[in-house]
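The values are calculated or read from the model by the stated rules, or taken from the named source; none is laboratory data. As the structure is a computational prediction, the values presented were derived from the model and not from experiment. So basically every Cβ, Gly included, is an ideal-geometry build from the backbone, and we count neighbours across all protein chains shown. Please note that ligands, DNA and RNA were not included when accessible areas were found on the heavy atoms of the full protein model with its side chains. Shrake-Rupley method; radii C 1.70, N 1.55, O 1.52, S 1.80 Å.
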Amino acid sequence: MTQSVVVQVGQCGNQIGCRFWDLALREHAAVNKKGIYDEALSSFFRNALLIDMEEGVVNEILQGPLRDVFDSKQLITDVSGSGNNWAVGHKLYGYQYREHIVEKLRRTAEHCDCLQCFFVIHSMGGGTGSGLGTFVLNVLEDEFPEVYRFVTSVYPSGEDDVITSPYNSVLAMKELNEHADCVLPIENESLFSIVSKIHQMTNSGKLGSTVKQNSLLTSSAGGIKTEQEKPFDAMNNIVANLLLNLTSSARFEGSLNMDLNEISMNLVPFPRLHYLVSSLTPLYTLADVNVPSRRLDQMFSDAFSKDHQLIQADPKHSLYLACALLVRGNVQVSDLRRNIERLKPSLHFVSWNQEGWKTGLCSVPPVGHSHSLLALANNTCVKPTFTELKDRFMKLYKKKAHLHHYLHIDGMEQSCFSEAISSLSDLIEEYNQLDATKSAPRTYPSRLKIAM
(Lines give C-alpha, C1' and ligand atoms only; values in the text may rest on other atoms or scores of the structure.)
Protein backbone atom coordinates (compact mmCIF):
# COMPACT_ATOMS: atom_id res chain seq x y z
CA MET A 1 0.00 0.00 0.00
CA THR A 2 1.23 3.50 -0.82
CA GLN A 3 1.84 6.08 1.89
CA SER A 4 1.66 9.85 2.04
CA VAL A 5 3.11 12.37 4.45
CA VAL A 6 1.23 15.44 5.68
CA VAL A 7 3.24 18.64 6.17
CA GLN A 8 1.25 21.21 8.16
CA VAL A 9 2.74 24.72 8.04
CA GLY A 10 1.65 27.79 10.00
CA GLN A 11 -1.37 28.43 12.19
CA CYS A 12 -3.96 27.77 9.49
CA GLY A 13 -2.19 24.66 8.17
CA ASN A 14 -1.92 23.13 11.63
CA GLN A 15 -5.52 23.90 12.55
CA ILE A 16 -6.82 22.31 9.32
CA GLY A 17 -4.43 19.37 9.79
CA CYS A 18 -5.73 18.89 13.33
CA ARG A 19 -9.34 18.82 12.09
CA PHE A 20 -8.35 16.37 9.32
CA TRP A 21 -6.74 13.91 11.72
CA ASP A 22 -9.67 14.16 14.13
CA LEU A 23 -12.24 13.45 11.40
CA ALA A 24 -10.06 10.71 9.85
CA LEU A 25 -9.95 8.93 13.21
CA ARG A 26 -13.74 9.32 13.51
CA GLU A 27 -14.14 7.80 10.05
CA HIS A 28 -11.90 4.81 10.73
CA ALA A 29 -13.53 4.23 14.12
CA ALA A 30 -16.92 4.01 12.38
CA VAL A 31 -15.57 1.39 9.95
CA ASN A 32 -13.27 -0.55 12.26
CA LYS A 33 -15.10 -1.21 15.53
CA LYS A 34 -12.10 -2.96 17.10
CA GLY A 35 -9.84 0.05 17.31
CA ILE A 36 -9.52 3.61 16.09
CA TYR A 37 -5.97 3.65 14.70
CA ASP A 38 -6.34 0.77 12.25
CA GLU A 39 -3.97 -0.57 9.63
CA ALA A 40 -5.55 1.39 6.78
CA LEU A 41 -4.95 4.70 8.54
CA SER A 42 -1.50 3.93 9.93
CA SER A 43 -0.16 2.55 6.66
CA PHE A 44 -1.50 5.50 4.63
CA PHE A 45 -0.35 8.33 6.88
CA ARG A 46 2.89 7.28 8.51
CA ASN A 47 3.12 10.62 10.21
CA ALA A 48 2.78 14.33 9.91
CA LEU A 49 5.37 17.06 10.15
CA LEU A 50 4.11 20.07 12.11
CA ILE A 51 5.84 23.40 11.44
CA ASP A 52 4.94 26.77 12.95
CA MET A 53 7.02 29.75 13.98
CA GLU A 54 4.66 30.39 16.90
CA GLU A 55 4.20 27.70 19.52
CA GLY A 56 0.54 28.35 20.34
CA VAL A 57 -1.35 26.08 17.94
CA VAL A 58 1.20 23.22 18.01
CA ASN A 59 1.32 23.26 21.83
CA GLU A 60 -2.47 23.21 21.89
CA ILE A 61 -2.45 20.08 19.69
CA LEU A 62 0.20 18.40 21.87
CA GLN A 63 -1.75 19.09 25.04
CA GLY A 64 -5.08 18.08 23.50
CA PRO A 65 -6.72 14.72 22.82
CA LEU A 66 -4.78 14.24 19.56
CA ARG A 67 -1.36 14.31 21.24
CA ASP A 68 -0.81 10.54 20.81
CA VAL A 69 -1.33 10.76 17.04
CA PHE A 70 1.75 12.91 16.46
CA ASP A 71 5.38 12.04 17.03
CA SER A 72 6.80 14.76 19.28
CA LYS A 73 10.10 14.52 17.37
CA GLN A 74 8.32 15.64 14.21
CA LEU A 75 7.74 19.24 15.30
CA ILE A 76 9.53 22.43 14.33
CA THR A 77 8.52 25.54 16.27
CA ASP A 78 9.86 28.96 17.20
CA VAL A 79 8.44 31.61 19.50
CA SER A 80 8.44 34.94 17.66
CA GLY A 81 6.37 34.11 14.55
CA SER A 82 6.84 35.54 11.06
CA GLY A 83 4.94 38.78 11.63
CA ASN A 84 2.70 38.24 8.56
CA ASN A 85 5.79 38.70 6.40
CA TRP A 86 6.58 36.27 3.55
CA ALA A 87 10.25 37.29 3.56
CA VAL A 88 10.67 36.38 7.25
CA GLY A 89 9.10 32.95 6.71
CA HIS A 90 10.87 32.17 3.42
CA LYS A 91 14.24 33.92 3.57
CA LEU A 92 14.90 34.05 7.32
CA TYR A 93 13.30 31.01 8.94
CA GLY A 94 13.59 28.95 5.74
CA TYR A 95 17.38 29.05 5.67
CA GLN A 96 17.64 28.93 9.46
CA TYR A 97 15.61 25.71 9.75
CA ARG A 98 16.46 24.06 6.42
CA GLU A 99 18.63 21.31 7.92
CA HIS A 100 16.00 20.52 10.59
CA ILE A 101 13.26 20.33 7.95
CA VAL A 102 15.32 18.06 5.66
CA GLU A 103 16.28 15.76 8.55
CA LYS A 104 12.68 15.32 9.73
CA LEU A 105 11.36 14.83 6.19
CA ARG A 106 13.98 12.13 5.55
CA ARG A 107 13.17 10.39 8.83
CA THR A 108 9.47 10.32 7.93
CA ALA A 109 10.16 9.12 4.38
CA GLU A 110 12.35 6.26 5.66
CA HIS A 111 9.33 4.84 7.53
CA CYS A 112 7.36 4.54 4.28
CA ASP A 113 7.45 1.40 2.16
CA CYS A 114 6.12 3.21 -0.91
CA LEU A 115 6.02 7.00 -0.46
CA GLN A 116 3.59 8.40 -3.00
CA CYS A 117 3.10 12.05 -2.18
CA PHE A 118 3.51 14.90 0.26
CA PHE A 119 0.44 16.89 1.30
CA VAL A 120 1.37 20.46 2.20
CA ILE A 121 -1.38 22.39 4.03
CA HIS A 122 -0.86 26.13 4.47
CA SER A 123 -2.44 29.56 4.06
CA MET A 124 -1.38 32.27 1.63
CA GLY A 125 -2.07 35.43 3.63
CA GLY A 126 0.21 35.13 6.67
CA GLY A 127 3.99 34.92 6.98
CA THR A 128 4.77 31.37 8.09
CA GLY A 129 2.20 29.61 5.88
CA SER A 130 3.02 31.56 2.72
CA GLY A 131 6.78 31.99 3.25
CA LEU A 132 7.96 28.89 5.08
CA GLY A 133 5.22 26.76 3.46
CA THR A 134 6.54 27.51 -0.03
CA PHE A 135 10.15 27.09 1.20
CA VAL A 136 9.24 23.55 2.33
CA LEU A 137 7.88 22.98 -1.19
CA ASN A 138 11.28 23.92 -2.66
CA VAL A 139 13.00 21.55 -0.22
CA LEU A 140 10.65 18.70 -1.18
CA GLU A 141 11.45 19.21 -4.86
CA ASP A 142 15.21 19.20 -4.15
CA GLU A 143 15.23 16.21 -1.81
CA PHE A 144 12.37 14.08 -3.22
CA PRO A 145 12.06 15.06 -6.91
CA GLU A 146 10.16 11.87 -7.83
CA VAL A 147 7.48 12.22 -5.11
CA TYR A 148 4.30 14.14 -5.93
CA ARG A 149 3.66 17.43 -4.13
CA PHE A 150 -0.02 18.16 -3.43
CA VAL A 151 -0.69 21.56 -1.91
CA THR A 152 -3.87 22.79 -0.21
CA SER A 153 -3.63 26.59 -0.15
CA VAL A 154 -6.12 28.78 1.70
CA TYR A 155 -6.41 32.20 0.03
CA PRO A 156 -7.32 35.31 2.07
CA SER A 157 -10.50 37.27 1.40
CA GLY A 158 -10.53 40.83 0.05
CA GLU A 159 -11.42 42.11 3.53
CA ASP A 160 -8.54 40.29 5.18
CA ASP A 161 -7.26 42.00 8.33
CA VAL A 162 -3.62 41.42 7.28
CA ILE A 163 -2.93 44.46 5.11
CA THR A 164 0.12 42.87 3.45
CA SER A 165 -1.69 39.62 2.55
CA PRO A 166 -1.68 40.49 -1.21
CA TYR A 167 2.15 40.71 -1.10
CA ASN A 168 2.42 37.40 0.77
CA SER A 169 -0.03 35.65 -1.57
CA VAL A 170 1.59 36.80 -4.83
CA LEU A 171 5.11 35.99 -3.60
CA ALA A 172 3.85 32.53 -2.57
CA MET A 173 2.05 32.08 -5.91
CA LYS A 174 5.35 32.29 -7.80
CA GLU A 175 6.69 29.38 -5.73
CA LEU A 176 3.50 27.35 -6.24
CA ASN A 177 3.71 27.94 -10.01
CA GLU A 178 7.24 26.58 -10.09
CA HIS A 179 7.41 23.84 -7.47
CA ALA A 180 3.96 22.26 -6.90
CA ASP A 181 2.53 19.34 -8.89
CA CYS A 182 -1.05 20.05 -7.89
CA VAL A 183 -2.64 22.94 -5.98
CA LEU A 184 -6.14 22.97 -4.50
CA PRO A 185 -6.92 26.68 -3.99
CA ILE A 186 -9.54 27.41 -1.34
CA GLU A 187 -10.94 30.85 -0.58
CA ASN A 188 -11.95 31.96 2.90
CA GLU A 189 -14.95 33.79 1.41
CA SER A 190 -16.31 30.59 -0.13
CA LEU A 191 -15.84 28.65 3.10
CA PHE A 192 -17.67 31.37 5.01
CA SER A 193 -20.58 31.43 2.54
CA ILE A 194 -20.92 27.61 2.66
CA VAL A 195 -20.93 27.69 6.50
CA SER A 196 -23.58 30.46 6.42
CA LYS A 197 -25.67 28.51 3.91
CA ILE A 198 -25.58 25.35 6.05
CA HIS A 199 -26.53 27.28 9.22
CA GLN A 200 -29.32 29.10 7.39
CA MET A 201 -30.83 25.90 5.96
CA THR A 202 -30.57 23.91 9.20
CA ASN A 203 -31.89 26.69 11.45
CA SER A 204 -34.66 28.11 9.27
CA GLY A 205 -36.81 24.96 9.29
CA LYS A 206 -37.25 25.30 5.51
CA LEU A 207 -36.15 21.73 5.00
CA GLY A 208 -39.16 20.43 6.88
CA SER A 209 -37.11 17.52 8.08
CA THR A 210 -34.40 16.75 10.62
CA VAL A 211 -30.80 16.94 9.51
CA LYS A 212 -28.33 14.34 10.72
CA GLN A 213 -26.04 16.44 12.88
CA ASN A 214 -22.91 14.43 12.12
CA SER A 215 -23.64 14.71 8.39
CA LEU A 216 -22.97 18.47 8.24
CA LEU A 217 -19.71 19.24 6.43
CA THR A 218 -19.05 21.72 9.23
CA SER A 219 -19.72 19.22 12.03
CA SER A 220 -17.23 17.68 14.47
CA ALA A 221 -19.89 15.41 16.01
CA GLY A 222 -18.47 12.00 16.79
CA GLY A 223 -14.91 13.27 16.72
CA ILE A 224 -12.60 13.55 19.70
CA LYS A 225 -14.27 15.89 22.16
CA THR A 226 -12.66 19.26 22.72
CA GLU A 227 -13.61 21.65 25.47
CA GLN A 228 -15.13 24.19 23.13
CA GLU A 229 -15.35 24.74 19.40
CA LYS A 230 -12.90 27.25 17.97
CA PRO A 231 -14.11 30.13 15.74
CA PHE A 232 -12.75 28.62 12.50
CA ASP A 233 -13.52 24.96 13.23
CA ALA A 234 -16.59 24.90 10.98
CA MET A 235 -14.62 26.32 8.02
CA ASN A 236 -11.62 24.08 8.74
CA ASN A 237 -13.91 21.02 8.84
CA ILE A 238 -14.94 21.69 5.22
CA VAL A 239 -11.29 21.63 4.10
CA ALA A 240 -10.69 18.53 6.26
CA ASN A 241 -13.62 16.80 4.51
CA LEU A 242 -12.09 17.70 1.15
CA LEU A 243 -8.85 15.96 2.22
CA LEU A 244 -10.79 12.98 3.61
CA ASN A 245 -12.54 12.43 0.28
CA LEU A 246 -9.34 13.02 -1.68
CA THR A 247 -7.49 10.33 0.29
CA SER A 248 -10.39 7.87 0.73
CA SER A 249 -9.27 5.60 -2.14
CA ALA A 250 -5.89 5.13 -0.49
CA ARG A 251 -7.44 4.34 2.89
CA PHE A 252 -10.44 2.16 1.99
CA GLU A 253 -11.42 -0.40 -0.62
CA GLY A 254 -13.52 0.40 -3.65
CA SER A 255 -14.52 -0.99 -7.03
CA LEU A 256 -12.70 1.82 -8.89
CA ASN A 257 -10.04 3.22 -6.58
CA MET A 258 -8.11 6.23 -7.80
CA ASP A 259 -4.41 6.61 -7.02
CA LEU A 260 -3.39 10.11 -5.93
CA ASN A 261 -0.73 10.38 -8.63
CA GLU A 262 -3.46 9.69 -11.21
CA ILE A 263 -5.04 13.05 -10.33
CA SER A 264 -1.97 15.00 -11.38
CA MET A 265 -1.34 12.66 -14.33
CA ASN A 266 -4.87 13.00 -15.75
CA LEU A 267 -5.93 16.51 -14.74
CA VAL A 268 -2.80 18.58 -15.42
CA PRO A 269 -2.05 18.74 -19.18
CA PHE A 270 0.22 21.80 -18.79
CA PRO A 271 2.74 21.92 -15.90
CA ARG A 272 1.90 25.47 -14.75
CA LEU A 273 -1.88 25.09 -15.03
CA HIS A 274 -2.08 22.76 -12.04
CA TYR A 275 -4.73 24.62 -10.01
CA LEU A 276 -7.78 22.41 -9.42
CA VAL A 277 -11.14 23.87 -8.38
CA SER A 278 -12.85 21.64 -5.84
CA SER A 279 -16.47 21.19 -4.77
CA LEU A 280 -18.11 18.95 -2.17
CA THR A 281 -21.64 17.53 -2.06
CA PRO A 282 -23.87 16.95 -0.22
CA LEU A 283 -23.44 19.65 2.44
CA TYR A 284 -25.71 17.68 4.80
CA THR A 285 -28.08 14.68 4.82
CA LEU A 286 -31.69 14.58 5.98
CA ALA A 287 -32.37 11.94 8.65
CA ASP A 288 -35.76 10.68 7.46
CA VAL A 289 -35.42 10.73 3.69
CA ASN A 290 -34.41 7.76 1.57
CA VAL A 291 -31.98 8.39 -1.25
CA PRO A 292 -33.57 7.52 -4.60
CA SER A 293 -31.61 7.98 -7.82
CA ARG A 294 -33.09 11.47 -8.24
CA ARG A 295 -31.26 12.67 -5.12
CA LEU A 296 -28.10 10.95 -6.35
CA ASP A 297 -28.39 12.84 -9.64
CA GLN A 298 -28.92 16.07 -7.70
CA MET A 299 -25.60 15.47 -5.92
CA PHE A 300 -23.82 15.40 -9.28
CA SER A 301 -25.63 18.54 -10.47
CA ASP A 302 -24.72 20.37 -7.24
CA ALA A 303 -21.02 19.57 -7.72
CA PHE A 304 -21.00 21.78 -10.83
CA SER A 305 -23.03 24.66 -9.36
CA LYS A 306 -21.23 27.77 -8.11
CA ASP A 307 -22.75 27.47 -4.60
CA HIS A 308 -20.71 24.34 -3.84
CA GLN A 309 -17.30 25.49 -5.11
CA LEU A 310 -14.52 26.10 -2.59
CA ILE A 311 -13.47 29.23 -4.48
CA GLN A 312 -15.72 32.06 -5.71
CA ALA A 313 -16.20 30.70 -9.23
CA ASP A 314 -18.74 29.32 -11.69
CA PRO A 315 -17.11 26.45 -13.61
CA LYS A 316 -20.16 25.83 -15.82
CA HIS A 317 -19.56 29.09 -17.69
CA SER A 318 -15.83 28.54 -18.10
CA LEU A 319 -13.61 26.10 -19.95
CA TYR A 320 -12.73 22.64 -18.61
CA LEU A 321 -9.34 21.12 -19.34
CA ALA A 322 -10.22 17.98 -17.37
CA CYS A 323 -12.44 16.89 -14.48
CA ALA A 324 -12.26 14.19 -11.80
CA LEU A 325 -15.20 12.81 -9.83
CA LEU A 326 -14.37 10.98 -6.58
CA VAL A 327 -17.50 9.24 -5.33
CA ARG A 328 -17.92 7.50 -1.99
CA GLY A 329 -20.64 5.14 -0.81
CA ASN A 330 -23.05 2.76 -2.50
CA VAL A 331 -22.83 4.20 -6.02
CA GLN A 332 -22.50 2.09 -9.16
CA VAL A 333 -20.28 2.72 -12.17
CA SER A 334 -23.49 2.95 -14.22
CA ASP A 335 -24.65 5.88 -12.01
CA LEU A 336 -21.37 7.64 -12.75
CA ARG A 337 -21.64 7.09 -16.49
CA ARG A 338 -25.28 8.17 -16.59
CA ASN A 339 -24.58 11.43 -14.82
CA ILE A 340 -21.48 12.24 -16.89
CA GLU A 341 -23.54 11.77 -20.07
CA ARG A 342 -26.35 13.88 -18.61
CA LEU A 343 -24.06 16.76 -17.60
CA LYS A 344 -21.66 16.71 -20.57
CA PRO A 345 -23.79 18.85 -22.95
CA SER A 346 -23.90 21.74 -20.45
CA LEU A 347 -20.12 21.79 -19.82
CA HIS A 348 -17.47 23.34 -22.10
CA PHE A 349 -14.41 21.11 -22.53
CA VAL A 350 -11.34 21.99 -24.59
CA SER A 351 -11.61 20.61 -28.12
CA TRP A 352 -8.63 18.28 -27.72
CA ASN A 353 -9.91 16.65 -24.51
CA GLN A 354 -13.67 16.18 -24.89
CA GLU A 355 -13.51 12.92 -22.91
CA GLY A 356 -11.37 14.42 -20.14
CA TRP A 357 -13.05 12.65 -17.21
CA LYS A 358 -11.38 10.70 -14.42
CA THR A 359 -13.54 8.77 -11.96
CA GLY A 360 -12.98 7.07 -8.63
CA LEU A 361 -15.32 4.92 -6.52
CA CYS A 362 -14.70 4.22 -2.84
CA SER A 363 -17.18 1.89 -1.14
CA VAL A 364 -16.94 3.50 2.33
CA PRO A 365 -19.07 6.66 2.65
CA PRO A 366 -18.21 9.53 5.03
CA VAL A 367 -19.70 9.39 8.53
CA GLY A 368 -23.36 10.44 8.48
CA HIS A 369 -23.81 10.07 4.72
CA SER A 370 -24.92 7.28 2.42
CA HIS A 371 -22.78 8.72 -0.37
CA SER A 372 -20.75 11.83 -1.23
CA LEU A 373 -18.91 13.40 -4.14
CA LEU A 374 -15.73 15.43 -4.49
CA ALA A 375 -15.32 17.07 -7.90
CA LEU A 376 -11.89 18.38 -8.96
CA ALA A 377 -11.88 20.54 -12.08
CA ASN A 378 -8.98 21.96 -14.02
CA ASN A 379 -11.02 24.92 -15.19
CA THR A 380 -10.31 28.47 -16.34
CA CYS A 381 -12.84 29.77 -13.75
CA VAL A 382 -9.90 29.99 -11.32
CA LYS A 383 -8.59 32.99 -13.30
CA PRO A 384 -10.76 35.70 -11.62
CA THR A 385 -9.32 34.68 -8.22
CA PHE A 386 -5.82 35.34 -9.55
CA THR A 387 -6.84 38.54 -11.35
CA GLU A 388 -8.41 39.95 -8.18
CA LEU A 389 -5.28 39.02 -6.21
CA LYS A 390 -3.11 40.80 -8.79
CA ASP A 391 -5.28 43.96 -8.55
CA ARG A 392 -5.00 44.01 -4.76
CA PHE A 393 -1.22 43.52 -5.03
CA MET A 394 -0.85 46.40 -7.52
CA LYS A 395 -2.82 48.81 -5.30
CA LEU A 396 -0.16 48.41 -2.63
CA TYR A 397 2.84 48.01 -4.92
CA LYS A 398 2.17 51.19 -6.96
CA LYS A 399 2.52 53.20 -3.76
CA LYS A 400 5.46 51.05 -2.57
CA ALA A 401 3.40 50.64 0.61
CA HIS A 402 4.95 48.50 3.38
CA LEU A 403 7.84 47.36 1.13
CA HIS A 404 10.42 48.33 3.76
CA HIS A 405 9.12 45.55 6.04
CA TYR A 406 10.23 43.04 3.42
CA LEU A 407 13.38 44.65 2.00
CA HIS A 408 15.25 44.79 5.31
CA ILE A 409 15.37 40.96 5.39
CA ASP A 410 18.64 39.50 4.04
CA GLY A 411 18.25 38.06 0.56
CA MET A 412 15.02 39.95 -0.15
CA GLU A 413 15.21 42.43 -3.02
CA GLN A 414 12.64 44.48 -4.89
CA SER A 415 13.19 42.24 -7.92
CA CYS A 416 11.45 39.45 -5.92
CA PHE A 417 8.22 41.47 -6.16
CA SER A 418 8.53 42.24 -9.88
CA GLU A 419 9.34 38.58 -10.65
CA ALA A 420 6.38 37.39 -8.57
CA ILE A 421 3.85 39.69 -10.27
CA SER A 422 5.33 38.81 -13.68
CA SER A 423 4.87 35.08 -12.90
CA LEU A 424 1.24 35.68 -11.87
CA SER A 425 0.57 37.80 -15.00
CA ASP A 426 1.99 35.04 -17.22
CA LEU A 427 -0.27 32.50 -15.51
CA ILE A 428 -3.35 34.71 -16.07
CA GLU A 429 -2.35 35.16 -19.72
CA GLU A 430 -2.14 31.38 -20.18
CA TYR A 431 -5.71 31.07 -18.89
CA ASN A 432 -6.75 33.95 -21.23
CA GLN A 433 -5.34 32.10 -24.22
CA LEU A 434 -7.31 28.99 -23.29
CA ASP A 435 -10.49 31.02 -22.77
CA ALA A 436 -10.05 32.49 -26.26
CA THR A 437 -10.42 28.99 -27.73
CA LYS A 438 -13.80 28.56 -26.05
CA SER A 439 -15.61 30.86 -28.49
CA ALA A 440 -14.07 29.12 -31.52
CA PRO A 441 -16.39 26.62 -33.23
CA ARG A 442 -15.77 23.03 -32.27
CA THR A 443 -13.92 21.15 -34.98
CA TYR A 444 -13.82 17.40 -34.98
CA PRO A 445 -10.96 15.63 -36.79
CA SER A 446 -12.06 13.86 -39.95
CA ARG A 447 -12.32 10.12 -39.55
CA LEU A 448 -10.43 7.64 -41.68
CA LYS A 449 -12.67 6.33 -44.45
CA ILE A 450 -12.43 2.71 -45.47
CA ALA A 451 -12.65 2.13 -49.21
CA MET A 452 -15.28 -0.43 -50.07
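Data table
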{"read-out": "The one condition in (1) open to solvent by less than 10 Å² (accessible area, probe 1.4 Å); (2) more than 19 Å from the chain's Cα centre (by Cα) that residue 348 fails to fulfil", "value": "(1)"}
{"read-out": "Residues of the stretch 148-173 satisfying the condition of being among the hydroxyl-bearing types (Ser, Thr, Tyr) and assigned to a helix (DSSP H, G or I)", "value": "165, 167, 169"}
{"read-out": "Residue ID - modelled with the lowest pLDDT, chosen from residues in the stretch 362-386 that are small (Gly, Ala, Ser) and open to solvent by less than 30 Å² (accessible area, probe 1.4 Å)", "value": "368"}
{"read-out": "Residues within the stretch 387-403 that are over 30 Å from the mean Cα position of the chain (by Cα), under 20 Å from residue 124 (Cα atoms) and exposed (fewer than 12 other Cβ atoms within 10 Å of the Cβ), tallied", "value": "0"}
{"read-out": "Number of the exception - residue 431 against (1) in contact with a Lys or Arg (Cβ under 8 Å, 6 or more places away or on another chain); (2) at pLDDT 95 or above; (3) open to solvent by 30 Å² or more (accessible area, probe 1.4 Å)", "value": "(3)"}
{"read-out": "Residue match in the stretch 113-132 (condition: in contact (Cβ under 8 Å) with a residue 12 or more places away in the chain, out of contact with any strand residue (DSSP E or B) (no Cβ under 8 Å at 6 or more places or on another chain), in a helix (DSSP H, G or I) and not aliphatic (A, V, I, L, M))", "value": "yes"}
{"read-out": "Output for the stretch 268-282, where each listed residue is in contact (Cβ under 8 Å) with a residue 12 or more places away in the chain and within 18 Å of residue 118 (Cβ to Cβ)", "value": "268, 274, 275, 276"}
{"read-out": "Selection from the stretch 58-87 of residues that are out of contact with any Leu (no Cβ under 9 Å at 6 or more places or on another chain) and in a helix (DSSP H, G or I)", "value": "59, 60, 63, 73"}
{"read-out": "Scope the stretch 186-227; condition open to solvent by 60 Å² or more (accessible area, probe 1.4 Å), under 30 Å from residue 63 (Cβ atoms) and at pLDDT below 75; matching residues", "value": "213, 225, 226, 227"}
{"read-out": "Tally, over the stretch 133-147, of residues that are outside any helix (DSSP H, G or I) and in contact with a Leu (Cβ under 8 Å, 6 or more places away or on another chain)", "value": "2"}
{"read-out": "Members of the stretch 228-257 that are under 16 Å from residue 117 (Cβ atoms) and either part of a helix (DSSP H, G or I) or modelled with pLDDT of 85 or more (or both)", "value": "242, 243, 244, 245, 246, 247, 248, 249, 250, 251"}
{"read-out": "Residue selected from the stretch 267-296 under the condition at pLDDT 90 or above and more than 15 Å from residue 374 (Cβ to Cβ), by the criterion surrounded by the most Cβ atoms within 10 Å (Cβ to Cβ)", "value": "275"}
{"read-out": "Selection within the stretch 140-159 - open to solvent by 40 Å² or more (accessible area, probe 1.4 Å) and either under 17 Å from residue 265 (Cβ atoms) or more than 20 Å from the chain's Cα centre (by Cα) (or both)", "value": "142, 143, 145, 146, 148, 159"}
